[in-house]
1. Given Cα positions, please report Rg to Rh for the range 166-266, the hydrodynamic radius being the Kirkwood one.
2. Which value, in debye to the nearest 20, describes the size of the charge dipole of the range 354-431 about its Cα centre when Lys and Arg Cβ atoms bear +1, Asp and Glu Cβ atoms bear -1, and nothing else is charged?
3. Which whole-number percent of Cα pairs in the range 225-303 have a distance greater than 20 Å?
4. Roughly speaking, what % of Cα-Cα pairs in the range 354-431 are separated by over 14 Å, rounded to a whole number?
5. What's the exposure ranking of L271, L241, L150, going from fewest to most Cβ atoms within 10 Å?
6. Rg/Rh for the range 62-139: what does it come to with C-alpha atoms and Rh from Kirkwood?
7. Roughly speaking, what is the stretch gain from N86 to N273, that is 0.36 nm per residue apart minus the C-alpha to C-alpha distance, in nm to one decimal?
8. Between R372 and D421, what is the label-to-label distance in nm when each label sits 7 Å out along the Cα-to-Cβ direction?
Amino acid sequence: MKKLFTLMALCLFIGTTYAQHSAFKMKPRLKVEANKKKPGYSQRIFGQTGYPAVHQMKMYNDPVVKYRLDTLLIKYDETGTGNSINGEKGIYFYNDVFQLTSVLQKSWYGTWLDSWKTDFSYNDMGLNDSLTEYEYNQGNWQQAFMETTLYNPDSTIQLVTYYDWNWTSFVPLQKIEYEYTGNTIIESNYYYDNGWVNDYTTTYYLTDGRITSELSKSIYNTGHMDNYSKADYSYYPDGDLKDRLVSYWDETSWTVPMEKESYTYDSENNLDNYTWSTFGEEGWEILEQSLPEYNNQYTREDLIIPIDPEEEIYFRHMLTRRVENYYDMGDLSTTIEFTTFYTPVTVEKAKNILTLQSSAFPNPATDNITIRWDGPAKSAKLTIYSPTGSPVTTTEITNNTPIPVTSLKPGFYLYTLKGEDGSLGNGKFVVE
């Protein structure tokens, strides 16, 4: 699978994983060996805890000015001397409701030349359900890679599939399936070899909605699912992630922690230092370090940028610059500098995707259930789903009107709403 690089990776695995679900995807020419993906290094899993709301623009009573991310500039210092040179530049394009539609990447060859581009599409819930990447070659854009995402009705991710272009069509490459219970999330990874092969699985264990540990099993060493790695998480008193310690299975027992990710935060609760270290003969040795800088005058509410759930945790103000340092045997080997540029835009009420904040009562229900929402929509299309995500029934409803549920079997159900004005919402209820 093509190695993807998250430009705004203020998330849990900065610089150490494939950026699988961020809209900020570019491909620096730097090839860092440490970036190889390992079991347990899932970036997107942190957006899966609980039942997160659909990420959409809010409604405003009056026009407001927001700051839209338009350009990101990447510079490299590959000698560690402090002499940075232009590398890549990302230019972002949005639709009328400020969803990201395309990213154009240019590379520096004495002048800026087209290099890659990524196009995005969205489903009825306003969630990114596919992206297609193109490579600029001899004056033409050529398809190179595609990613598709299926969601559960509650907006959690169900399936992600990756495809490579073989010059005539897209062929399957890798897929990731997700299963949810009350306190675990199971992430099953498959590669395609004349059929899908499950090569590793990671189980995440949650306490009070936070991941406290993970266990990965793989077929890499023995050809069948055996222990591969485990990780333990620790948090600061305010709930922010502090450390992630990784151990590996050594045939009969777990090693001492061999990898460590550490996080510190500034007075505004933004991530200000991330380090990834490995344990060797001389103790902990830093491999990567990320040092973000912010303009705390502007909060996330003031910005228009493609949102990742992970970034919301550690990125609470306008990111203006980030420096990533890479080390070789303890010595600084490469520095990458990211600088962001924003444009003020006026956001009007009519140009927002509205979010229907809804509730269902009584819950549990026996004969009827009433769904009530906040918002101007007078009617909405209601779709009820089984716990597996299969649609059960679809009907037009008005706000705060009882709906018969006697035809539904006892159990847990999910629902989505699509208002007449384009607003979206979801929820869940139980039938007794």
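Coordinate-derived values only; no laboratory data. Values in this document were obtained by computation on a predicted structure and should not be read as measured data. Cβ placement follows ideal geometry from the backbone for every residue including glycine, while neighbour counts extend to all protein chains displayed.
1. For the range 166-266, the value is 1.06.
2. Computed about the Cα centre, the dipole is about 140 debye.
3. For the range 225-303, the share of Cα pairs beyond 20 Å comes to 47 percent.
4. For the range 354-431, the fraction of Cα-Cα distances above 14 Å is 55 percent.
5. Fewest-to-most ranking of L271, L241, L150: L150, L241, L271.
6. Taking Rg over the Kirkwood Rh, I get 1.09.
7. Answer, rounded to one decimal: 64.9 nm.
8. Modelled inter-label distance: 1.9 nm.
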